């Protein structure tokens, strides 16, 4: 079955530590995305990548970093510079040509104390 | 900048009653339009999408949406709600001229009363 996997489902870290969230897709999609979701808010784009070894900042990239070494994988690192890292993180992927609909993973809930 | 507005933060509906969720976007060109549903603690699932053609589109789970260009709206409807429809619903748009990025509304949480 094709899809997007994110691991782990729940992640707990101490303040000041970097943490990396995993995202893998086997849909053969070129584009991948990371979103942050806070309670009562919509999704905000952190980073996206349309091709291996290339990525662009989204609307709230500060305090985050990504890599895209393989087409299937797009890990997100939440650094200690991110002021409010506790949130629900969603990964998505899509083809590059229209209609640009994105397919989402199940999400990772990160709690930093 | 483009924006997507979902005016209703919460909606409570009785099981079996009809449901309509509102979505308005602000952009001059016709965007690609989507509705997604999210169950608590889960990812988003695509309900339906509109790109062109017939302005009334059918989706999964008995949902439909109507694109009205004059009102810049893309409202989601379901004739008869089931308890399993309790979830959060997000409207989203892609503007091709803006780099094909997906912009989401703030979401509407639907509660279903027995």
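Every number in this text was worked out from the coordinates using simple rules, so none of it is lab data. What you see is a predicted model; the values in this text were computed from it and never measured. A quick note on method: Cβ atoms are made from the backbone with ideal geometry, for glycine too, and the neighbour counts reach across all protein chains shown.
Using a simple spin-label model with pseudo-atoms 7 Å out from Cα toward Cβ, residue B:82 and residue A:18 lie 4.6 nm apart. Looking at the protein assembly as shown, the pairs of alpha carbons with a distance over 27 Å make up 34% of the total.
Determine one quarter of the surface area of the Cα convex hull of chain A, which equals its mean projected area, and express it in nm² to one decimal. Intermediate values should be presented prior to the final figure.
Values: hull surface 27.5 nm².
For the Cα atoms of chain A, the hull's average projected area reads 6.9 nm².
Quote the Stokes-Einstein diffusion coefficient, in whole µm² s⁻¹, for region A:54-109, based on the Kirkwood radius over alpha carbon pairs, a temperature of 10 °C and a viscosity of 1.306 mPa s. Write out the running numbers ahead of the final one.
Numbers: Rh = 12.9 Å.
Approximately 123 µm²/s, per Stokes-Einstein.
Directionally averaged projected area (region A:13-53, Cα convex hull): 4.5 nm². With the simple spin-label model, which puts each label point 7 Å out from Cα in the Cβ direction, the residue A:41 to residue B:27 separation comes to 2.1 nm. Compared with the alpha-carbon gap, the fully stretched path from residue B:20 to residue B:56 is longer by 11.6 nm at 0.36 nm per residue. Residue A:96 label point, 7 Å along Cα→Cβ, cut-off 13 Å on backbone N: hits in region A:53-83? Once the point is set 7 Å along Cα→Cβ of residue A:96, A:53-55, A:71 turn out to lie under 13 Å by backbone N, inside region A:53-83. Counting pairwise Cα distances across region B:1-103, what percent come out greater than 16 angstrom? So the portion of pairs separated by more than 16 Å is 56 percent.
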